[in-house]
Every structure is written in structure tokens, then in C-alpha cells.
Amino acid sequence: YLRLAGACADARGAESEYWSLYSLKTTLTGSPSAPVSCPARVFSTTAARRAALVDRVRALRAAGHAVLVAVRTHAEGQALMQELAAAGIGPGILQGASNEADLKVLEHLDEPGAVLLVLHPAERNVARATGRAPLDVVVAELHHAQRQIERICRAFAADTCEIMLALEDEGVATQLGSLVTTLARRGVGEAGECPAGHSRWLAVYAQRGIERACVLMRQDVIARDRQLDDLLAFSGRRE
């Protein structure tokens, strides 16, 4: 193609990476979306995080709210499904197939007390209008980028958002490192939860770390592709 362009709704903030990795110029259109505030809670163990999430879902349902639980991996989704089922809560599951089953699940989300489990990136096929009941998003895992969490909140027209992490979570432990994790454990309270100020710092630190790791991974992939192009230069450009 002599000219090729694309549009992306949730790539704001990645302009420099588009240029440095792919030599693609970007242009921002439309007004910036309102920032999404997501306070964080960090627990010492994964079990404590899951128990706190179930308690939070139960409290929000009692207040007449609908709840969206956002996860990144199938393993965590399965674990939370079992925890919620044991508490007598049967969440709907959004598969991201945009079929009749997904439409029924989304319609159910408008009801007070509804609970929906969504696995990223299933929310890319959603454009939900504000429902009858207030909707609260509870993010149960560290995502690859903060903009993914913001995308979830905007796609479902969420009223509030909060993030629950654990020092034992694989992504969190990897990004914090053993020293920071050890120091964080010393400040854990009796309920197994870090103080609010510590939780906010730990969540931001881990999120920035995983975003940097993803950038480095993409840089490595591009470097390998260019190296392969050089090795196979005699055969012409690859398709």
C-alpha cells in the first residue's frame, strides 16, 4: 500500500512507541476522554485478595449495584468463579463473541445486583450505554497497560473502578522484586491488607513495570524481525 491508515480508540499515550518501533506517525482526533480514577488495594496473599473481592461484590450487590469483575487470565477467572459460586453468587461470563449469549449477559448487567466476569480483551466488542443500576468495576489482576483498564470502564459506562492486587500475584511479584515485596509485607495490617498509601504506590510501581516490560518485549520482536530481514535479504522482502 502506498498509503495506509488505521484508527484506535485506546492508544492515547503510545504515540512515541508507534514512531520508535514502527515509524508510524500518529494524529490525535477528538477531545481527550475524562481520566478514570481507580484506587488500589493490595493484599499480602492471593487468597486474601480473592476473599476481599468476594466481600466487596457482596456489599455492592446489597447496595443495589451491578458489578463487573475484570480479569486478564483464564486461570484467575476460573478461580474467582469458584470463589463467587461458593459464596452463592453466580456471575455471568462475557466471552467477547458478540453473539446472542453475550447480548443476554449484557442485558442482565443492567439489573441491580448483577455480577459479570469479563476477560480482557472481550470488552473491545462492547459499547454499553448507562444502565438502570450503578455499575462498579473491580479489577482483579494487573493488566498489561493502564489504558486497558480505562478502556474497560469506558466500554461498560462504569460509575466507579477499583483495583485489587496481591503481593503473591505473579505479575505483581515480578515487577516489585523481592526487596520491595519484603518491605511491603512489613506494613501489612491484621486483615492482610497494605495501608491505602502503600497500596497506591505499589500498584502504580507494578503497573509501570509491566508496561515497560511489554515495550521491551515488542522492541525485541521488531529487532528479531529486522535481523531476519537482513539474513534473508537475498530472497527479497518477506510477505
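Of the residues making up the range 25-60, those that are of a type outside the set (Gly, Ala, Ser) and open to solvent by less than 60 Å² (accessible area, probe 1.4 Å) are VAL36, CYS38, VAL42, PHE43, THR45, THR46, ARG49, ARG50, LEU53, VAL54, VAL57, LEU60. Here ALA85 does not qualify as open to solvent by 20 Å² or more (accessible area, probe 1.4 Å), part of a helix (DSSP H, G or I) and within 24 Å of LEU202 (Cβ to Cβ). Of the residues making up the range 149-171, just one is modelled with pLDDT of 90 or more, part of a loop (DSSP other than H, G, I, E, B) and surrounded by fewer than 17 Cβ atoms within 10 Å (Cβ to Cβ), namely GLU168. Residues in the range 61-72 that are closer than 17 Å to ARG147 by Cα and open to solvent by 10 Å² or more (accessible area, probe 1.4 Å): ARG72 alone. Number of residues in the range 172-207 that are open to solvent by 20 Å² or more (accessible area, probe 1.4 Å), farther than 17 Å from PRO39 by Cβ and hydrophobic (A, V, I, L, M, F, W, C): the value is 5. The residue list LEU202, LEU231 contains one member that is among the aliphatic types (A, V, I, L, M) and touching a residue at least 24 places away in the same chain (Cβ under 8 Å), which is LEU202.
Residues in the range 24-49 that are modelled with pLDDT of 90 or more and in contact with a Phe, Trp or Tyr (Cβ under 7 Å, 6 or more places away or on another chain): ARG49 alone. Every test in (1) over 24 Å from ALA59 (Cα atoms); (2) modelled with pLDDT under 85; (3) out of contact with any Leu (no Cβ under 6 Å at 6 or more places or on another chain) is passed by ARG185 save one, and that test is (2).
The values are calculated or read from the model by the stated rules, or taken from the named source; none is laboratory data. Since this is a predicted model, take the numbers as computed values, not measurements. In this analysis, Cβ positions are derived from the backbone assuming ideal geometry, glycine residues included, and neighbour counts consider all displayed protein chains. Surface areas here come from the heavy atoms of the whole protein model, side chains and all, with no ligands, DNA or RNA. Shrake-Rupley method; radii C 1.70, N 1.55, O 1.52, S 1.80 Å.
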